[in-house]
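Structure record follows, encoded as structure tokens.
The values are calculated or read from the model by the stated rules, or taken from the named source; none is laboratory data. The structure presented is a predicted model; accordingly, all values stated were derived computationally and were not measured. Ideal geometry is used to build each Cβ from the backbone, glycine not excepted, and the neighbour counts take in all protein chains shown. Each accessible area value is taken on the protein alone, full model and side chains, heavy atoms only, with ligands, DNA and RNA left out. Shrake-Rupley method; radii C 1.70, N 1.55, O 1.52, S 1.80 Å.
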Amino acid sequence: MRVPDADLFNPQSIMDSDFSPGGASASASVDPDFGFAFDDSNFSDRTLRIEIMPDLPETKSDGGGCCSIADWARNRKRRREDFKKENDFIVQSEEQILNCNLPYMVDGVTYENQDEEAMAMVEESPSDIGLNSNQIGNGSIYNNDSSKNMDCSKVLRVKTIHISSPILAAKSPFFYKLFSNGMKESEQRHVTLRIHASEETALLDLLSFMYSNTLSTTTPTALLDVLMAADKFEVASCMRYCSRLLRNLPMTCESALLYLDLPSSVLMADAVQPLTDAAKQFLAVRYKDITKFQEEVLNLPLTGIEAVFSSDDLQVASEDAVYDFVLKWARTHYPKLEERRGIFATRLSRVIRFPYMTCRKLKKVLTCIDFDPELASKVVLEALFFKSEMPHRQRALAAEEANATYRRFVERTYKYRPVKVVEFELPRQQCVVYLDLKREECTHLFPAGRVYSQAFHLGGQGFFLSAHCNMDQQSSFHCFGLFLGMQERGSVTFAVDYEFAARSKPTEDYVSKYKGNYTFTGGKAVGYRNLFGIPWTAFMSDDSIYFINGILHLRAELTIRQ
């Protein structure tokens, strides 16, 4: 296969050119199918001898025996922990055995594969060929006590396969370096791989893929096994293929969380990035309304929390609610203060959009012991500076984060809309509240919807604004209404002068619509059913004077009556 503009002496460029079925390069080129040549001596220049060793007693004999993703993950974790204890390294005078977990020299360059599971690579050579510096003398054997699980005497069975070194080298830098390291051993026609029984099926599937660019297996656990084997032998095209098949299978919370952990388990994380992104999207959609799944979300691991709370479409009452929930989760999963501070500093603070929190809650952030004081000051100052920016500048900052993973300045779909509040203590207690609504938000109000603002405070009492689509009582048509309510219920009374205003073309200045005064009691609201004195259709028309660049700008001014 000719690869345009590829450096044929650079295995990485060859690997990067591998075609991934369904991938971006599908329209440009297609890898030839060499399936007919697999394990055929007529088209092979080497023999691959696979020695299959017993698994550890606690490990299932075959990854395909896992009946679910959970079984696969538990089995894999146990194998990873047990194999970490191994240090398989055996050197004999008649063979060179290299452990894929340890650095070794290929063509004078140190090459390292850091996969957790032990898997020895043996390259046979005549006894008269000198071994490398790891040899301890003719006929001697170096056998670490921890290598007993890979004792040669415990070989369960041996498989011999005819292979083509150019095909394997074109697919894998691992094999490219193995077959072209310039040492005498690379000229030998026999290569031995020593693996555990649980890796056998995946390795055979991987070798078949390197010839045919396809897999016969379709179960999630089997595909994951092949994906991990492909990562070990650096077959990026197979990793992308497995990733695509897994994305097309029905996903569950269990599998999504497993996929989120893959980047930390594999060397070539870029190859599984689309699968990771799909898992994040699945969790974000499933837990879009966290009020319905509070206990489930509270039990999610850190990667799940990051996926859910990084979403722009999260439906929550306000960013204050996000802060409270994340804080509760952190205290549950990280009971030690230092650990909790560390996880906020490195991970959790990125999923909270502090600029959309209320000032009252930001004050609590400054005194919260769960945050390092320096971090607390940083996020609060950043939030306050953002709040002080003009709306067009805020939109510009949000646009700059369009492709960012964590978006500090992008507004979510809050149940209670954020407001800007300017407070005055003298000469009278007064506040000016600014509420902006997008045209699409107003569209969704028809025919009888309403949207509430976040709470704001005056004289120690909590108030809110609510925008409505309702019927005009006199003319019997739909119209836009705006109301002012007080949160506190009970015997509290509060006399307030208020004024509603809105920006309008052509001057785009705020124009007063109604003034009034009202003595509030707990839970009461006052306002105007038809703020603009026009039908809903006129208010929402394309030439409406009240939408400026798709935004309705409302202002409410409240003053405590003396």
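Using the 1.4 Å probe convention, the accessible area of segment 288-401 works out to 50 Å² per residue with neighbouring protein chains retained. A 1.4 Å probe run over the protein chains yields, for segment 509-562, 50 Å² of accessible area per residue, whole-number rounding.
All other residues with a Cβ under 11 Å from the Cβ of HIS468 taken together, and with Lys, Arg as +1 and Asp, Glu as -1, what is their net charge?
Working: positive: ARG450, ARG529; negative: none.
That sum, taken over residues with Cβ under 11 Å, equals +2.
Restricting segment 437-544 to trypsin sites (Lys or Arg not before Pro) that sit in a DSSP loop and have at most 13 other Cβ atoms within 10 Å of their own Cβ leaves ARG489. Our analysis of segment 288-401 gives Rg over Rh at 0.96, with the two radii drawn from alpha carbon positions and Rh computed by the Kirkwood formula. Just to confirm a number: summing +1 for Lys and Arg and -1 for Asp and Glu over residues other than ASN299 whose beta-carbon lies under 13 angstrom from that of ASN299, what do you get? Net charge in that neighbourhood comes out at -2.
Semi-axes of the equivalent ellipsoid of segment 419-560 are 26, 17, 13 Å, computed as sqrt(5λ) over the eigenvalues of the C-alpha gyration tensor in descending order. Here the Karplus relation 6.51 cos²θ - 1.76 cosθ + 1.60, evaluated at θ = phi - 60°, turns the backbone of segment 492-502 into coupling constants of 5, 10, 8, 8, 9, 8, 9, 9, 9, 9, 8 Hz, with x for every Gly and Pro. For LYS387, the solvent-accessible surface computed with a 1.4 Å probe is close to 50 Å², ligands and nucleic acids excluded. Electrostatic tally near TYR434: other residues with Cβ closer than 12 Å to its Cβ, Lys and Arg +1, Asp and Glu -1, net +3. Between ILE50 and LYS159, THR160, ILE161, LEU193, the built amide H atoms are under 5 Å apart, and every one of these is 5 or more places off in sequence or on another chain.
Taking 25 Å as the limit for the C-alpha separation, the pairs LYS177/LYS280; LYS387/LYS438; LYS387/LYS515 exceed it in the case of LYS177/LYS280; LYS387/LYS515.
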